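The values are calculated or read from the model by the stated rules, or taken from the named source; none is laboratory data. Being a predicted model, the structure only gives us computed values, none of them experimental. Here Cβ is always computed from backbone atoms with ideal geometry, including for glycine, and neighbour counts include all displayed protein chains. Quick note on the areas: whole protein, heavy atoms, side chains included, nothing else; ligands and nucleic acids left out. Shrake-Rupley method; radii C 1.70, N 1.55, O 1.52, S 1.80 Å.
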Amino acid sequence: MHIPVLTIDGPSGAGKGTVSRLAAKKLGWNYLDSGSIYRSLAIALQKTSVDFENVSEIVKVAQAMTLEFDCGDELIVKLDGEDITSQLGFESTGSIASQIAALPDVRRVLLQKQRDFRQAPGLVADGRDMGTVVFPDADNKVFLTASAAKRAERRYKQLMEKEIDANLAQITNEIDVRDRRDRERETAPLAMASDALYIDSSDMTIDAVIEEVLNLIR
Ligand code: DC
């Protein structure tokens, strides 16, 4: 049976998470926040003494970790049975995630964990390489972006809402470094699939973006 997939890729702070979650809810489909898988591995590594340069040990941790996702109104993630949801959003977690995500062996181990989310009646998948590598045969693909200033501002607001201490200038710099690394890595870089719809959400409301995304499926 064919299970439809909608992929939403783009840089951090473009609104992918919010748009993907709401689109999945409206469609009644499953939701994959692939960034949270890389972030979970970052947290798993912080609990060990493994050096971030030691690829074979990182791969072992990636293979051994068990993740449980509860994709209700808020995404809840358990790593080896422990609820790590509150640690996922830290920019420091995102930065480590981006560094280990550049390792081809790590990406290979995490590939199947992501593909396993393709369950009936459908899947909305959010990340950097959903339309290019993980689900190249997806039925619909979106590349969602926004200006650097807007993305930093949104990420800052998100952190404030979660009561995570943040500083706008620092966030602007951190997401710039992270996006550059994600774009420039050799394996599965952040890139728009040739068959994706390009949406610049800088001056759009979330509702307008969702409308455009759902129109693609209708
Ligand atoms: O989407 P996010 O900010 O939670 O992702 C955190 C990092 O994980 C991101 O900077 C790069 C990596 N990532 C990736 O390489 N590929 C994905 N599909 C999703 C995330």
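Some notes on this structure:
- Each 5 Å bin from zero holds the following percent of Cα-Cα pairs in segment 1-47: 5, 18, 24, 20, 16, 11, 5, 2, 0.
- Accessible area in the full protein assembly, largest first, 1.4 Å probe, for 202, 147: 147, 202
- Mean separation of Cα contacts under 8 Å, 6 or more apart, over the residue count of segment 52-104: relative contact order %: 22
- Each peptide among 70-83, 17-30 gets the average number of other Cβ atoms lying within 10 Å of its residues, and from highest to lowest they stand as 17-30, 70-83.
- Here is the size of segment 113-184 from its Cα atoms: Rg then Dmax, 15.3, 43 Å.
- The chain, relative contact order in percent, only Cα pairs under 8 angstrom and at least six apart counted: 35
- Stokes-Einstein diffusion of segment 77-121 at 4 °C, 1.567 mPa s viscosity, Kirkwood radius from Cα pairs, rounded to a whole number: 105 µm²/s.
- Cα-based Rg / Dmax (Å) for segment 8-107: 13.9, 42
- Computed [θ] at 222 nm, helices only, for the chain once each DSSP H run of length n ≥ 4 contributes -39500 (n - 2.57): -14500 deg cm²/dmol
- Distance cut-off 12 Å, percentage of C-alpha pairs in segment 95-135 lying past it: 64
- Across all directions, the average flat footprint of the convex hull enclosing the Cα atoms of segment 18-72 is 4.6 nm².
- Per residue, the chain exposes 49 Å² of accessible surface when a 1.4 Å probe is rolled over the protein heavy atoms with every protein chain present.
- Element breakdown for segment 1-72 at a 1.4 angstrom probe: carbon and sulfur atoms account for 50% of the accessible area.
- Across segment 34-50, coupling constants 3J(HN,Hα) worked out from phi with the 6.51/-1.76/1.60 Karplus curve, θ = phi - 60°, read 5, x, 5, 6, 5, 5, 5, 5, 4, 5, 4, 5, 5, 7, 10, 9, 5 Hz, and Gly and Pro carry x.
- For segment 68-166: relative contact order, % (alpha-carbon pairs under 8 angstrom, 6 or more apart): 14
- Calculated SAXS-style log₁₀ I(q)/I(0) at q = 0.11, 0.16 Å⁻¹ - the chain, Debye, Cα scatterers: -0.50, -1.13
- Between segment 89-149 and segment 49-80, the Cα center-to-center distance that results, in Å: 14
- Legend: distances between Cα atoms for 25/141; 16/141; 16/113; 78/150; pairs beyond 22 Å are 78/150.
- Paramagnetic reach from residue 63 (point 7 Å along Cα→Cβ, amide N under 15 Å) across segment 95-121: 105-113
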